[in-house]
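All remarks here apply to the structure that follows.
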Amino acid sequence: DAEITQSPRHKITETGRQVTLACHQTWNHNNMFWYRQDLGHGLRLIHYSYGVHDTNKGEVSDGYSVSRSNTEDLPLTLESAASSQTSVYFCATYTGLAGDEVGELFFGEGSRLTVL
Amino acid sequence: AQSVTQPDIHITVSEGASLELRCNYSYGATPYLFWYVQSPGQGLQLLLKYFSGDTLVQGIKGFEAEFKRSQSSFNLRKPSVHWSDAAEYFCAVDLRGQAGTALIFGKGTTLSVSS
């Protein structure tokens, strides 16, 4: 079955360190997204990509970057981690069934990042 | 810019009672609208979605939602709540008016179910 995998699932790092969260999907969909989830804020869009070499900033992109070198992967990098970036991060892509015009945004299991 | 407002942060209903969760959106055209549910410690699961056609849409787990353009609302309903429905519910709207694009989520409504 097609799936979306995030790694690591849990990570603790120190302020100022570079961190990369991996996201790999086998749906072969062009569109991929990164969200962060924080209590009281719901899910906020960080970056998204609509295809190889395409990246776009979302609602809360400062301090984050992404790159898209192939269809399957969209790694999220925190260039210099800050305590404010302690959060749960979700990667997502669309699953499209034949005849389903809208599709479904399908989420990975999340990566919990703690910045000390 | 598109936005979603869920006015109720926390709602408590009795098991067996009816439920309505409110969602208001800000969007210039006909949006794609979604409701997702997240159980404690779990990922997000799609309950239902709307793009066009019948304004009353049915979803999984006995949920339904009604799109009202005049009120810019997409409220989620269930006639009889079960204890297992306790979770956080998120309303979302698409960013670009196209299928498969980024979604903007509301801040969520936490549902508690009392016995």
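What follows draws every value from the coordinates through simple rules; no lab data is involved. Values in this document were obtained by computation on a predicted structure and should not be read as measured data. All Cβ positions, even for glycine, are placed from backbone atoms using ideal geometry, and neighbour counts span all protein chains on display.
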Worksheet, complete the sentence: Of all DSSP beta bridges having both residues in chain A, the percent classed as antiparallel (nearest 5) is 90 percent
Worksheet item: Exactly which GluC sites (Glu not before Pro) in the stretch A:1-74 are in a DSSP loop and have at most 13 other Cβ atoms within 10 Å?
Response: A:E3, A:E14
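Pairs to check: A:K11/B:K61; A:K11/B:K49; B:K78/B:K107; A:K11/B:K107. Give those whose C-alpha atoms are more than 28 Å from each other in this structure.
Working: A:K11/B:K61 34 Å; A:K11/B:K49 34 Å; B:K78/B:K107 20 Å; A:K11/B:K107 25 Å.
In this structure, A:K11/B:K61; A:K11/B:K49 lie more than 28 Å apart at Cα.
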Item to complete: With N set to the residue count of the stretch A:17-70, report its C-alpha Rg divided by 2.2 N^0.38 Å to two decimal places.
Response: 1.18
Response to the item:
In order over the stretch B:84-96: 3J(HN,Hα) from phi, Karplus 6.51/-1.76/1.60, θ = phi - 60°, whole Hz, x for each Gly or Pro, gives 6, 7, 4, 4, 9, 10, 10, 9, 9, 10, 6, 8, 10
Worksheet item: Reachable aspartates and glutamates from A:K57, Cα under 20 Å, same-chain residues fewer than 8 places away excluded?
Response: A:D38, A:E72, A:D73, A:E79, B:D94
Worksheet item: Beyond 23 Å, what share of the Cα-Cα pairs of the protein assembly as shown remains, rounded to the nearest whole percent?
Response: 48 percent
Worksheet, complete the sentence: Computed for chain B: size of charge dipole around the Cα centre, +1 on C-beta of each Lys and Arg, -1 on C-beta of each Asp and Glu, debye to nearest 20, value 240 debye
Discussion item. Can you compute the equivalent ellipsoid semi-axes for chain A, i.e. the square root of 5 times each eigenvalue of the Cα gyration tensor, sorted largest first and rounded to whole Å?
Written reply: 24, 14, 13
Worksheet entry | Unit Cα scatterers, Debye sum, chain B: log10 I(q)/I(0) for q = 0.12, 0.17, 0.20 Å⁻¹ | -0.38, -0.77, -1.05
Worksheet item: When the scattering of the stretch B:54-115 is computed by the Debye formula from its Cα atoms alone, each counted once and equally, what is log10 I(q)/I(0) at q = 0.12, 0.22, 0.23 Å⁻¹?
Response: -0.37, -1.10, -1.16
Discussion item. Please rank B:V4, B:V113, fewest neighbouring Cβ atoms within 10 Å first, as an exposure proxy.
Written reply: B:V113, B:V4
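For chain A, which span is the longest to avoid every loop-located (per DSSP) member of trypsin sites (Lys or Arg not before Pro) having at most 16 other Cβ atoms inside 10 Å? Let's see the in-between values first.
Values: sites that count: A:R9, A:R17.
Looking at chain A, A:18-116 is the longest stretch - no exposed trypsin sites (Lys or Arg not before Pro) with at most 16 other Cβ atoms within 10 Å.
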